[in-house]
Amino acid sequence: MPEQSKPILSVKNMSVQFPTLSGVVTAVNNVSFDVGREKVGIIGESGSGKSTTGRAIMRLQPATAHVIADEMRFEDVDLLTASESEMRAIRGRRISMILQDPKYSLNPVMTVGEQIAETVILHERLGRRAARERTLAMLERVNIRDPQRVFNLYPHEVSGGMGQRIMISMMLISSPSLIIADEPTSALDVTVRQQVLSILDDLIRERNIGLIFISHDLNLVKSFCDRVIIMYAGRIVETIEASKLDQATHPYTCGLLEALPSLDRPRDRLETLKRQASWAEA
Amino acid sequence: MSIISVNDLVVSFGSGSDFKQVVKNVAFDVEPGETFGLVGESGCGKSTVLGALAGRIKGWSGSISIDGEAVGPKRSRSQLAKQQMVFQDPFGSLHPRHTIGRTLLEPLEIHGFDQRQERVERVLRDVGLPPGFRHRFPHQLSGGQRQRVAIARALILNPGILLLDEPTSALDVSIQAEILNLLKDLRERDKLTYVLVSHDMAVIAHLCNRVAVMLDGQFVEVASREQLLRGSVQHPYTRTLLDGSRGYVPPPKLAS
């Protein structure tokens, strides 16, 4: 299947730099990776550059930041040279992003139905009635029992889990080929998290699209994704199949795994990470 | 004899149509040196139980006795000093415009302790921070260092009991390991008793001897550490929480 194996997104030697008063801060440093029709996890601790990477793909970095790369290609689009209006046609339609907390990422003064419908009205020039129908079908698809009622609710009237399902329906209504999910379930309780992830999983499979799943939760990424990219200090230190995460070779990845309390491998003391300067170098 | 004994604890908030019972007839005992866990999802009442133990929440009924002494909703200063809290968010729980030294001195002043400077230095050393940190402000510290300060502030009154409300859930994995190790060391050295609130079963199993699983203000099960590790828990909800901490479990597909 040549069509299957061709990557949706290809990033080569991308760096993201922020000029500050005390010099240039390199948040992401020379990262290269491909994303195909698969679930790719990006793992890292706070400040490792995982979210900055996700935003740079969408070209949503702050205006002061510089993104440098040899190549950033999404399907037939060169993300490095695409104009702002071309990017607007891509964002939300062909690449969409799910953020951590639906409380902050939904518009508080619009009903959730209008917000979801807005995507297809803008991108696919659908009429209001057709957009409403697509929205109701999409809400049903993410297991919302009473779509008619939920359509007219405001974001503050829905629970966290439902908010995140609304986000997912908004992101998937226009059939994107790549989804970037930045900590999509960190604000959710365990039982709700399972539900949201299984909906996301089903949709990714069903539509045969790519997912970048940014998270700090090793167990979650190991069990949910196909492949894992581990980032440290703005660099990719290791890329490994998710099922083989336990056999990781890089000392940072091993250190993280050792530091994690585990139900399956209880230890009296947890190993603490002894950071080495060399990890932050190439 | 139990160091903490709770019977028929009921906590409710609001009145009239807003009335809500948040904790419903909860009872448990904690032995000296034991770590007792409270686990559950948001809104289940686990932090409220901790608040009632700490004396922060006044509107409760039932009986609580600490160190063999029955306490009411209103407590004396010496009763309050017996248990101290560590909160989840080390960014929100330290006064941003007080130096670490001032933050640590405050409980000593309130409770009239002597040898204050020595105590501040000693407690900083106990939590693994250099004495020079007393001159710093919270924004000059990392998240893990701040949580160490929060633990130091709780320890400075020499309490027998620490009440820990999600002490590591705002921290990165590697920093969490350091704090969990520190809590274990302190518990061993000072023979402390902990009550730990968490949503993470792996953290609970790492630190606790027993855990109460809370759902909608009630205990559905009290399980031992061994039960958690063996997976021989009784209640399906406990199992759901255990599975959840292992990551994503795909739902069983219906045969079609």
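The values are calculated or read from the model by the stated rules, or taken from the named source; none is laboratory data. Not measured: the values here are computed from a predicted model. Backbone-built Cβ (ideal geometry, glycine too); neighbour counts: all protein chains shown. Ligands, DNA and RNA are excluded from the accessible area calculation, which covers all protein heavy atoms including side chains. Shrake-Rupley method; radii C 1.70, N 1.55, O 1.52, S 1.80 Å.
What to note about this one:
- All positions within region A:27-47 that are out of contact with any Phe, Trp or Tyr (no Cβ under 8 Å at 6 or more places or on another chain) and either at pLDDT 95 or above or within 28 Å of A:GLU75 (Cβ to Cβ) (or both): A:VAL28, A:ASN29, A:ASN30, A:VAL31, A:SER32, A:PHE33, A:ASP34, A:VAL35, A:GLY36, A:ARG37, A:GLU38, A:ILE43
- Residues that are over 17 Å from the mean Cα position of the chain (by Cα) and either open to solvent by less than 50 Å² (accessible area, probe 1.4 Å) or modelled with pLDDT of 95 or more (or both), drawn from region B:77-90: B:GLN79
- Number of positions in region B:223-237 that are within 13 Å of chain A (Cβ to nearest Cβ), touching a residue at least 12 places away in the same chain (Cβ under 8 Å) and in a loop (DSSP other than H, G, I, E, B): 1
- Checked against (1) under 30 Å from B:GLY59 (Cα atoms); (2) open to solvent by 20 Å² or more (accessible area, probe 1.4 Å), B:THR103 meets all criteria but (2).
- Total residues in region A:205-214, condition within 13 Å of chain B (Cβ to nearest Cβ) and touching a Gly at 6+ places or on another chain (Cβ under 7 Å): 1
- Only one entry in B:LYS74, B:LYS24, B:LYS46 is open to solvent by 60 Å² or more (accessible area, probe 1.4 Å) and among the basic types (Lys, Arg), namely B:LYS74.
- Within region B:59-96, the set of residues being part of a loop (DSSP other than H, G, I, E, B) and either within 19 Å of B:SER142 (Cβ to Cβ) or touching an Asp or Glu at 6+ places or on another chain (Cβ under 7 Å) (or both) comprises B:LYS82, B:PHE87, B:GLN88, B:ASP89, B:PRO90, B:PHE91, B:GLY92, B:SER93, B:LEU94, B:HIS95, B:PRO96.
- The condition (being surrounded by fewer than 18 Cβ atoms within 10 Å (Cβ to Cβ) and within 12 Å of another protein chain (Cβ to nearest Cβ)) is satisfied by just one residue among A:ASP202, A:ASP246, A:ASP217: A:ASP202.
- Residues that are within 13 Å of B:LEU155 (Cβ to Cβ) and open to solvent by less than 70 Å² (accessible area, probe 1.4 Å), drawn from region B:118-133: B:ARG119, B:VAL120, B:VAL123, B:LEU124, B:ASP126, B:VAL127, B:GLY128, B:LEU129
- Within region A:81-104, being polar (S, T, N, Q) and open to solvent by 40 Å² or more (accessible area, probe 1.4 Å) holds for A:THR81, A:SER83, A:SER85, A:GLN100.
- The sole residue among B:VAL220, B:VAL197 that is open to solvent by 10 Å² or more (accessible area, probe 1.4 Å), touching a helix residue (DSSP H, G or I) at 6+ places or on another chain (Cβ under 6 Å), away from chain A (no Cβ under 13 Å) and under 28 Å from B:ARG56 (Cα atoms) is B:VAL220.
- Residue match in region A:269-279 (condition: more than 9 Å from chain B (Cβ to nearest Cβ), in contact with a helix residue (DSSP H, G or I) (Cβ under 6 Å, 6 or more places away or on another chain) and either in contact (Cβ under 8 Å) with a residue 40 or more places away in the chain or open to solvent by less than 60 Å² (accessible area, probe 1.4 Å) (or both)): yes
- Per the listing A:ASP189, A:ASP182, the residue uniquely within 12 Å of chain B (Cβ to nearest Cβ) and among the acidic types (Asp, Glu) is A:ASP189.
- Contact map, region A:148-161: first residue in contact (Cβ under 8 Å) with a residue 40 or more places away in the chain and aromatic (Phe, Trp, Tyr), second residue outside any helix (DSSP H, G or I) and open to solvent by less than 30 Å² (accessible area, probe 1.4 Å), Cβ cut-off under 6 Å, separation 6 or more or different chains; pairs are A:TYR154/A:THR111.
- Scanning region A:105-119 for residues that are closer than 16 Å to A:GLU140 by Cα and either under 19 Å from the mean Cα position of the chain (by Cα) or surrounded by fewer than 14 Cβ atoms within 10 Å (Cβ to Cβ) (or both) returns a single hit, A:ILE116.
- Enumeration of residues in region B:119-178 that are within 14 Å of chain A (Cβ to nearest Cβ), part of a helix (DSSP H, G or I), of a type in the set (Val, Ile, Thr) and out of contact with any Gly (no Cβ under 7 Å at 6 or more places or on another chain): B:VAL173
- Listed by first and then second residue, the pairs linking a residue in region A:239-257 that is over 16 Å from A:ASP217 (Cβ atoms) to a residue that is basic (Lys, Arg) and crowded, with 16+ Cβ neighbours inside 10 Å, with Cβ atoms under 7 Å apart and 6 or more places separating them unless they lie on different chains, are A:THR239/A:ARG227; A:GLU241/A:ARG227.
- In region B:238-249, residue nearest to the other protein chains (Cβ to nearest Cβ) [restricted to those that are crowded, with 19+ Cβ neighbours inside 10 Å and under 23 Å from the mean Cα position of the chain (by Cα)]: B:GLY244
- Selection status of A:SER10, among the small types (Gly, Ala, Ser) and open to solvent by 40 Å² or more (accessible area, probe 1.4 Å): no
- Summed over region A:50-71, the residues that are among the hydrophobic types (A, V, I, L, M, F, W, C), open to solvent by 60 Å² or more (accessible area, probe 1.4 Å) and closer than 20 Å to A:TYR232 by Cα give a count of 1.
- Residue within region B:238-254 that is free of Cβ contacts under 8 Å to residues at least 60 places away in the same chain, closer than 17 Å to A:VAL190 by Cβ, hydroxyl-bearing (Ser, Thr, Tyr) and assigned to a loop (DSSP other than H, G, I, E, B) present: yes
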